[in-house]
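Presented below is the structure to which this report refers.
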Amino acid sequence: MRRLKFRRIPDSLPNEPRSRRQAVIRWIYITGVVGLAAVLGDIFVGGLFYLRSEGLVVGDPAVIAAEFPVTIREIRVHQGDRVRAGDIAAIVSSQSVTEAVARLTGELATREMRLSELRIRAETVDAIVGFAETRHLIAANARKELETLMDRGLLSIEKRTAAVESEYRSEQDLGSLKAERRVIEGEIGSLARVLDEARIAIGELRKLYDQGRMRAPIDGIVGRVAAEQGAVVRAGEPLFEIYGEQRYVLGYLPTGGLYEIKPGDRVTIDTGLQTAEGIVARVEPIAAALPHEFQGAFKPVERQQVFRIEFAEGETPLPLFTKVKLRSDILLPHWIRWIW
């Protein structure tokens, strides 16, 4: 017997091992698909699992407004200026305040004249009361002596009647003077209290008006100038808006997520290529309407829960009214954060 020569079948090919390059391409493809799925999942449902929201950098606000109608005579600050508490922001004038001060001053002068007249009358009554008491005492003693003489039959009834009439008039005059003194003392006390209140009211009005000087209530930055020189402003309308030096982020928290934000949680604040760290200071129990910058076109007004974020120690606060993005402080590479 003889070994036959092996003949290769034409349609059968031997197994060829794949090259390492093809394996790398395959893993790159799988990694790309998984990464794309993760990015799409983060875009559509990521906000349900961690904080991803927006906010504005603001400061504690204060408003300069007049409590009476005024005319702007001079504006001394402009938007973006730094001011200190007590700095003069504007000079105004108010005809209503001027008229009120003049009217109150005139009424005060009239009441002071009335008070002077009452005091003069009180001193006059005090001086007369002593003589009236002496007169009444003399008349009473005279009547008693005449009654003694009448009992002895030495005096007529007409003289006794005249003595009684004299004593009655003296008693009546003395009672009238004492009553008048009590009334005058009461009026003097009441009028004195009214005058004190009137003086305090005039002083408060002049202090409030401060010769038309409108002063900044806090240290901060002028955010908006709402009036122009020469304009007439109604009572209560704001003239300036000032924001405090301490800046923070006012964030808007979407509701319905599977996460919870508590005071003390760390968050990341992004604006462009700039990143800062922040700490949740307070979560307010209210929902507010989003600012116009965050509202979607052709959509109803959206409301979200408000929370406050303080900049972490060592971080430089961003400029006022900067629009920022907020998210949970998760450990991811910087380039991935920038993409998000």
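The values are calculated or read from the model by the stated rules, or taken from the named source; none is laboratory data. Here the structure is a predicted model, which means the values were calculated and not measured. Reconstructed Cβ throughout: ideal geometry from the backbone, glycine too, with neighbour counts over all protein chains shown. All accessible areas refer to the heavy atoms of the entire protein, side chains included, with ligands and DNA or RNA removed. Shrake-Rupley method; radii C 1.70, N 1.55, O 1.52, S 1.80 Å.
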Please list, by residue number, every one of the GluC sites (Glu not before Pro) in the range 172-242 that is coil in DSSP and has at most 10 other beta-carbon atoms within 10 Å.
228
Expressed as a whole number of Å, what is the distance separating the alpha-carbon centroids of the range 109-125 and the range 277-328?
66 Å
Projected label distance in nm at residue 102 and residue 206, using a 7 Å step from Cα toward the beta-carbon
1.7 nm
Please give the solvent-accessible surface of residue 110 in Å², to the nearest 10, using a probe radius of 1.4 Å with every protein chain present.
90 Å²
Considering only C-alpha atoms, what is the centroid distance from the range 34-48 to the range 180-229, in Å?
64 Å
Hey, what did the chain get for relative contact order, percent, Cα under 8 Å, at least 6 apart?
29 percent
At a 1.4 Å probe radius, carbon and sulfur cover how many percent of the accessible area of the chain?
57 percent
Just to verify a number: what accessible area does residue 104 come out at with the full protein assembly present, 1.4 Å probe, Å² rounded to tens?
50 Å²
For the chain, with a Gaussian network of springs between Cα atoms less than 10 Å apart, report the residue from 201, 179, 122 with the top mean-square fluctuation.
179
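For the range 171-256, what relative contact order do you get, as a whole percent, if you take Cα pairs closer than 8 Å and at least 6 residues apart? Mind showing how you got there, number by number?
Details: 34 pairs, mean separation 18.9, N = 86.
In percent, rounded to a whole number, it is 22.
If you average the sequence gap of Cα pairs under 8 Å that are 6 or more apart and divide by the length of the range 52-182, what percent do you get for the contact order?
Values: 70 pairs, mean separation 25.9, N = 131.
Computed value for the range 52-182: 20 percent relative contact order.
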Hey, can you find the accessible area per residue of the range 99-236 for me, probe 1.4 Å, expressed in square angstrom?
67 Å²
Sparse-neighbourhood loop hits (chymotrypsin sites (Phe, Trp or Tyr not before Pro), the range 231-329; DSSP loop; Cβ within 10 Å at most 10 others) -> 298
Counting only the backbone N, which residues of the range 267-289 are under 15 Å from the spot 7 Å out from the Cα of residue 260 toward its beta-carbon?
283
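Compute for the chain: radius of gyration divided by Kirkwood radius, i.e. Rg/Rh, restricted to C-alpha atoms, rounded to two decimals.
Numbers: Rg = 46.6 Å, Rh = 30.3 Å.
Across the chain, the Cα-based Rg/Rh ratio is 1.54.
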If packing is taken as the average number of other Cβ atoms within 10 Å across a peptide's residues, how do 72-80, 90-98 rank, most packed first?
90-98, 72-80
Quick one: accessible surface of residue 247, probe radius 1.4 Å, all protein chains present, in square angstrom to the nearest 10.
50 Å²
